[in-house]
Every structure is written in C-alpha cells, then in structure tokens.
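A short worksheet on the structure shown next.
The values are calculated or read from the model by the stated rules, or taken from the named source; none is laboratory data. Because the structure is predicted, anything quoted here is derived from the model rather than measured. With ideal geometry, Cβ positions are generated from the backbone for all residues, glycine too; neighbour counts draw on all protein chains shown.
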Amino acid sequence: MSRLVLAAALLGAALAPPARAADPADRSEGGTGSVELRVGNYRPSIDAEPGLKGSPLPYQRAFGGGRPTSFKLHMAKALPWRAAGAIELGAGVGYWTAKGHGSLLSGDPSTDPTTFSIVPLEVTATWRLDLVWERLGVPLVPYARASLQRYNWWITGSSGSTSKSGATNGYGYGGGLALVLDFLDPTLARELQADSGIRHTMLTVDLQQTKVDDFGSKTSFDLSDTKATLSLGLLFVF
Amino acid sequence: MAFALHSSGAMLRCFSLLAVLAAPLVGLAQTASLTLTPPGPFGRADCGAVAGSADDVQISSIDWQVAPPSGSLPGTDWTYKVKALPSGVNCTTDGDDTNMINQSTLHWSTGSKGSYPGGSTDGALFLSKIISKSKSVCTGTSDLIITVCVQLLSGSTINTSISSTVTIQLAPPAAPTGVVVAPGMEALNVSWSEGSGGSVASAKYRVEVSPLLATCATPLAPTVACLDLPNARTYTTPTATTSYRFGGLVNGTDYGVRVYGISAGGNDSLPSAPPVHGQPVPVNDFWQQYQAQGGLETGGCGGGPAGLVSLLTLAGLALGLRRRP
C-alpha cells in the first residue's frame, strides 16, 4: 500500500506543472467541508448466508451474476483541527437497484419482474491527507474513511408493488485517492473559489469494504458487498 | 466543464452563439404554415362516416399563416377561400369554387393569420365535408390524400396561397405474428412481432385476452370457437411496443390471446392467428424465493447499535453546522 501511495505521489509530481511552486495561493490550507458524488457497482452477499439451499441460490436465481450500478451523495463537515490534512465528519445517501425475474414454483425462471432496491445511509469519518497537495504540490491526495451504514431495502414482485421492506445495519472502511483537478487550470480554480467557495475539485477513486449484516445477526440479510466496492467520484472541497 | 461554465466571458460567448444559432429558428417560426386540428391521419371508419353523425370527425380548426399579400396596405380587405382539393390539384392555380369550404375576408390589420371555423357564423367543420368538397371517395386500399388549401385573392386573382395535406388511410396494417404468451402471477406476459406485408405500419396494438369456453376441446391449442369473446378483455398499447404484461387475470384459468395491429389512422388489422393459450400461475418474487430457499431475514428495521449511533452522529453534525457561522 505504501508503495502504491509513493507511486501515486511520484505520478502526481510528474503531472504537476512547474508553475505550482511559484503560485501557492491556490493551495492554501483549511476548508469547511466537502460534497462528493460517487458512482460504483455493488452486489450483496445474500447468497453467502448460511442455511440457504438449492441451486442457483436466490439472489443469483433472481438477478443473475451482475453488479448493478450504485450512486451516492456524500456531504461532510471539516472538524476545526487538522492532522496533516482535513478530518471530516459526514453523512451520505445513495441508491442502488437490481432488476430480475421471479421464479415459477417449479423453480424455473418466470418472465415476471422482481426488483431489489437499497437506499444506503451512512455516517462517516474521513481523514484526507490534503498536505500532499497544499504543501508539496502533488495533486494526488490519499484519504481514509470509516463509516456506519444503514441499508434501507425493499423488494417488489410481479405487480410492481412492494412485497417486503426492511433495514440492515453495518459498517464500512476503506480509502482512496483523489486527483486534484486544480492543477489543470489554476486561474479557473481560483475564480471558482472566489465565486462559489469551492476550494478544490477532485476526481476520486474509492475502495470500500462493507460489512452490513446487522453486526452478525443470523436473521438478517447479509448486504455486505461480495468484494470491495470500487467507485469513482467527483469531490468538491469548500 | 464546471470551470468553463464558471467563466463569465465563456458564458457570454455561449449566449452569443446561442443567439446566432437561434436566429434561423425565429425566422422559421414566421414562415407560412397551415395546420388542421386534429391533423390526422384518419382511418377507414372516419372516411365512411355519415355527414354530421356522431362518427363524423369534427375538425376543430384550420389555422393558417402566410406572408401579407404583396401590395397590401393598412385598411385593405382581402378575400380568402378555404378549399379541399383532390390530390394533384394545385392550390396556387385552382379556380374551381365547387371545392370551396368557406369564403370570407381578411383585414390587413389582423396580419396574415387566419382560422376556420372561427367566426360566430361559421358552422362546425367535419371531415366528411372535406372529403366531399375534394370529390374523393373512400374506396380501394391506397391512402387518400386531400389537399387543404387557403387562397388570398386580389379581385379574382390568386395573390397568395398556402396548403397542406390530410391523409386518410384506407388499408389496415398486417396482422401481428409470432405471438408468445408466458405465464405470470395473475397475469400473462405477451409479446409479438409486427406482421409483414401490410401497406401501412402498426402505430399501436390491441391485446385481447379471452377466457376459454368450458366446451373447448383443445385448450392448449385453442381455436377461435374456443374463445369466450363476450368476456374478453382488451388493452391498447399507446405506442408500437411489441410486448405487454396483461394483469388482473385468475391463476389457473385458461385464456386465449390474440393481438391486433392498429394503424395511425385507427384501422384494425385482422387478429393474429391462431389464438395462443396462456394460463397465469403463482410466481415467487425475490423475497418469496429467498424464503423458499431457507432465508432467515424477516424484514422490518434491523436492530443493532448502528441506527442509534447514526442518529447521534447526524444530530452532532447538525449541531456543529448550526454553531459555526
């Protein structure tokens, strides 16, 4: 991991134009918070629950093997103290839905539709190593994030009406890299900050591991992602 | 993109470009036009309606706009004629007043716009009058195309004219083919293909689901005689989509399904043949299938500390936001 961060930092340094060092005004420290839009994909681990029988297992039977797209909006407030970067406390809301087909009582697939939808809510703590950009001028900023998750879910059947709904709690952790776009056009970045208060605009690559099964409950869905959730995002730092 | 839009100079350039691009469109809005409401196309049933009957399609208005006649001055009244012409007759030269639906005057100050029927003395206008004035007949299977024409006259000379056409489709679309009926929960999932060989396309479809009569000897391969047509239910698709989930049926009941194509003018095709058997059956959605395979989730809000912690964190965050100016 450290090698990856080092490589990213070197790449960022290579990308950064020489003018950076002579123009530090757009790399001032501080900030009040951030807003992030993320797009990724997700597949719940329902079929990994113990006690399920038959083949294929119910999620695979209904929705196949894909990883439908997920969306998330995340907002965070920077804490007044810093530790080599911003520490933010935030909340997020997302949306994800899988569309599939019901099953005849014989087990054969039906052409009737069924859907499984989730609105995940999260509260997060994020540590973003802003000094990499603000002091070193390297436009690749690593960050780490821990979260509490609450997945509100519902299932629809043949007629389109909800047949069951519920919520499952859990947690997540992970991190990512943010590419600071300010270095592409510092003048426009400064104008953007002056007009809208957006200090930095970043493209993020986010990797999160989730454990969403009501903290090990045997009578809850296992909505943990089957693998680490990779998502791309656009982050605005205020 | 956000940076580009942010620049006030760039935005100004964008607006300038839009203005330049929009200029021709503004000009287009002022060109000559003639429209009927409704515009059609109409179908064979509309063509054969008895004049003034309930089936006769009412044309609520013919609206037209032309450039002011050359040499017109304020205060000048111009004669205009609304006509219905057989296909091939030219509006700019037609002098046959037996084609005329209405004649009136247009005052210069009202501009170059007109509408018929519009005056208090104008009677209702029906499609049958347009057909009869154009001396058209509803025979054959080719589209009937009638030119609706407005002429502005200076004395007896046609100064300006504008025309448009009304299409009456006389042919039906081809009967749909390849009807497939898949069982659903209290429903049948029906799909089909547009038939080939029709002279007009299907603009929408009507799906007909009939219970089978108890006397039907071959319910799995029903004939038309097996269909309980008085108790049939139908659904007309709003577009030319080729599938529909027909709900509200009874699980375990045998049905026969036929599909009709409908042209834009409203002409029905022959039904797809032969009728296709379908029987709604119970279907497990994901939740039911999960339970059937031994799943233990029971639904409802999950327990655990995350909910409470989440709420406390959100409350703290909100409080922090309020305290900071």
Inset, instruction - Quickly run through the range B:33-47 and pick out the residues that are over 14 Å from the mean Cα position of the chain (by Cα) and not hydroxyl-bearing (Ser, Thr, Tyr). - result: B:Leu34, B:Leu36, B:Arg44, B:Ala45, B:Asp46, B:Cys47
Inset, instruction - Determine if the range A:100-123 includes at least one residue that is within 9 Å of chain B (Cβ to nearest Cβ), in contact (Cβ under 8 Å) with a residue 24 or more places away in the chain, in a loop (DSSP other than H, G, I, E, B) and crowded, with 17+ Cβ neighbours inside 10 Å. - result: no
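Considering only residues of the range B:246-295 that are over 30 Å from A:Thr162 (Cβ atoms) and β-branched (Val, Ile, Thr), which is farthest from the other protein chains (Cβ to nearest Cβ)? Step through it out loud before you land on a result.
Filtering the range B:246-295 down to residues over 30 Å from A:Thr162 (Cβ atoms) leaves B:254, B:256, B:258-277.
Keeping just the survivors that are β-branched (Val, Ile, Thr) gives B:259, B:262, B:276.
Working: B:Val259: 16, B:Ile262: 24, B:Val276: 14 Å.
The extreme case among them is B:Ile262.
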Legend entry - Residue that is nearest to the other protein chains (Cβ to nearest Cβ) [pool: residues in the range A:151-163 that are at pLDDT 95 or above and crowded, with 17+ Cβ neighbours inside 10 Å]: A:Ile155
Legend entry - Residues within the range B:283-301 that are outside any helix (DSSP H, G or I), out of contact with any strand residue (DSSP E or B) (no Cβ under 6 Å at 6 or more places or on another chain) and either surrounded by fewer than 18 Cβ atoms within 10 Å (Cβ to Cβ) or at positive phi (or both), tallied: 3
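Which ones in the range B:173-195 are over 11 Å from B:Tyr205 (Cβ atoms) and either within 14 Å of chain A (Cβ to nearest Cβ) or touching a residue at least 24 places away in the same chain (Cβ under 8 Å) (or both)? Let's see the steps before the verdict.
Taking the range B:173-195 and keeping what is over 11 Å from B:Tyr205 (Cβ atoms), we get B:174, B:177-178, B:180-189.
The answer is B:Ala174, B:Thr177, B:Val180, B:Val181, B:Ala182, B:Pro183, B:Gly184, B:Met185, B:Glu186, B:Ala187, B:Leu188, B:Asn189.
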Legend entry - In the range B:50-65, the residues that are over 22 Å from B:Ala203 (Cα atoms) and either in a loop (DSSP other than H, G, I, E, B) or in contact with a Lys or Arg (Cβ under 9 Å, 6 or more places away or on another chain) (or both): B:Val50, B:Ala51, B:Gly52, B:Ser53, B:Ala54, B:Ser60, B:Asp63, B:Trp64, B:Gln65
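Condition check ((1) in a strand (DSSP E or B); (2) touching a Pro at 6+ places or on another chain (Cβ under 6 Å); (3) modelled with pLDDT under 85; (4) within 26 Å of B:Thr167 (Cβ to Cβ)) across all residues:
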| site | (1), (2), (3), (4) |
| --- | --- |
| B:Ala67 | no, no, yes, no |
| B:Ser72 | no, no, yes, no |
| B:Thr98 | no, no, no, yes |
| B:Gln103 | yes, no, no, yes |
| B:Gly119 | no, no, yes, no |
| B:Asp122 | no, no, yes, yes |
| B:Ser128 | no, no, no, yes |
| B:Ser132 | no, no, no, yes |
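Go through the range A:152-196 and report how many residues are acidic (Asp, Glu) and either under 30 Å from B:Ala187 (Cβ atoms) or in a loop (DSSP other than H, G, I, E, B) (or both). Spell out the reasoning first.
Here is the first cut: in the range A:152-196, the residues acidic (Asp, Glu) are A:182, A:185, A:191, A:195.
If we keep only those that are either under 30 Å from B:Ala187 (Cβ atoms) or in a loop (DSSP other than H, G, I, E, B) (or both) as well, we get A:185.
Number satisfying all stated conditions: 1.
What is the residue count in the range B:5-32 for residues that are under 31 Å from the mean Cα position of the chain (by Cα) and either modelled with pLDDT of 85 or more or surrounded by 13 or more Cβ atoms within 10 Å (Cβ to Cβ) (or both)? Steps first, answer last, please.
Kept after step one, since they are under 31 Å from the mean Cα position of the chain (by Cα), are these residues of the range B:5-32: B:21-32.
Subsequent filtering for residues that are either modelled with pLDDT of 85 or more or surrounded by 13 or more Cβ atoms within 10 Å (Cβ to Cβ) (or both) retains B:32.
Of the residues in the range B:5-32, 1 are under 31 Å from the mean Cα position of the chain (by Cα) and either modelled with pLDDT of 85 or more or surrounded by 13 or more Cβ atoms within 10 Å (Cβ to Cβ) (or both).
Just to be sure I understand, how many residues within the range B:246-269 are within 21 Å of the chain's Cα centre (by Cα) and either not hydroxyl-bearing (Ser, Thr, Tyr) or not in a loop (DSSP other than H, G, I, E, B) (or both)?
Here is the first cut: in the range B:246-269, the residues within 21 Å of the chain's Cα centre (by Cα) are B:259-269.
Those left that are additionally either not hydroxyl-bearing (Ser, Thr, Tyr) or not in a loop (DSSP other than H, G, I, E, B) (or both): B:259-262, B:264-268.
Total satisfying the criteria: 9.
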Legend entry - Residue count for the range B:84-126, restricted to those that are in contact with a helix residue (DSSP H, G or I) (Cβ under 9 Å, 6 or more places away or on another chain) and either under 17 Å from B:Ser154 (Cβ atoms) or of a type outside the set (S, T, N, Q) (or both): 7
Inset, instruction - Go through (1) farther than 19 Å from B:Thr237 by Cα; (2) outside the structural domain of B:Val82 (by TED's automatic domain parsing) one by one and return the number of the condition B:Ala187 breaks. - result: (1)
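Is it the case that B:Asn102 is loosely packed, with under 13 Cβ neighbours inside 10 Å and without any contact (Cβ under 8 Å) to a residue 24 or more places away in the chain?
Details: loosely packed, with under 13 Cβ neighbours inside 10 Å: no; without any contact (Cβ under 8 Å) to a residue 24 or more places away in the chain: yes.
Taking the combined requirement at face value, the residue does not satisfy it.
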